[in-house]
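K.L.:
So that we are looking at the same thing, I have put the structure below in structure tokens.
The values are calculated or read from the model by the stated rules, or taken from the named source; none is laboratory data. Please read these numbers as outputs of a predicted model, since none were measured by experiment. All Cβ positions, glycine included, derive from the backbone under ideal geometry; neighbour counts span all protein chains shown. The accessibility values were calculated without ligands, DNA or RNA, using every heavy atom of the protein model including side chains. Shrake-Rupley method; radii C 1.70, N 1.55, O 1.52, S 1.80 Å.
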Amino acid sequence: MTGTADHDMVQTVASAVAGDEVAFARIVSAYHGEMHRVCVFVCRDAAIAEEAVQAAWLIAWRKLRSVRDPERLRPWLISISVNQAKDLLRKRRRRAEIEVVADASAEPGGRDPATGVDSMDLEAALERLAPDERALLAMRYVAGFNATELSEALGISPSGTRSRLEKLVTGLRQELR
């Protein structure tokens, strides 16, 4: 966000904390899509992800007063939604099904079939990861969290976060070889 956008969001958060539902709706509008994308990555299921994000908004509305630094609202919201996604997955104790969608690779000018196979291999490898591991990858690569934001979300040191992430990525690379 730009400086003006940061200032506007700080004011919006302050208004929402004071009970302004329109201000809260602006927050939802600003962050809902990103929270959903991250949760889809974690859950591997759009319906479960949407349920997690909806639950996250209820928590955010109740706990908005606890946000000490309104400029840190984005990581706080994404962390809540990721935690809700992991909780839903634990409660359901089922694995999401990967839906292989027919692509246009058979059509002239379509995608290279090798790319489709690589994509399916990656999907399968991600599916075998634990929700906590997918959450770490989602917060880093989908939401773009840096090591400090990740460490705050996970409750471990930035160096521990980097180490855990490096080990996870290395494992994925080895599996995909």
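K.L.:
For the range 119-161, what is the charge dipole size about the Cα centre, in debye to the nearest 20, if Lys and Arg each add +1 at the Cβ and Asp and Glu each add -1 at the Cβ? All intermediate terms of the calculation are to be shown ahead of the outcome.
P.N.:
Values: 3 positive and 7 negative charges, 14 e Å.
With only Lys, Arg, Asp and Glu charged at Cβ, the dipole is about 60 debye.
K.L.:
Another question about this same structure. Considering only the other residues whose Cβ falls under 13 Å of the Cβ of LEU168, what net charge follows from Lys and Arg at +1 and Asp and Glu at -1?
P.N.:
Details: positive: ARG128, ARG134, ARG140, ARG162, ARG164, LYS167, ARG173; negative: ASP132, GLU133, GLU166, GLU175.
Residues close to LEU168 contribute a combined charge of +3.
K.L.:
Ok, one more. Quick one: dipole size for the range 1-72, taken about the Cα centre, charges +1 on Lys/Arg Cβ and -1 on Asp/Glu Cβ, in debye to the nearest 20. Kindly include the intermediate steps, with their values, before the conclusion.
P.N.:
Working: 8 positive and 10 negative charges, 47 e Å.
Roughly 220 debye for the range 1-72.
K.L.:
With every protein chain left in place, what is the accessible area per residue of the range 1-66 in square angstrom, probe 1.4 Å?
P.N.:
Working: 3470 Å² over 66 residues.
Accessible area per residue: 53 Å².
K.L.:
Toward the positive end of the charge dipole of the range 26-86, about the Cα centre and with charges on Cβ (Lys, Arg +1; Asp, Glu -1), which of SER81, GLN54, VAL67 goes farthest?
P.N.:
The residue sitting farthest along the positive end of the dipole is VAL67.
K.L.:
Provide the per residue accessible area, probe 1.4 Å, for the range 129-177, rounded to a whole number of square angstrom. Provide the component values of the computation, followed by the final result.
P.N.:
Values: 2730 Å² over 49 residues.
Normalised by residue count, the accessible surface of the range 129-177 is 56 Å².
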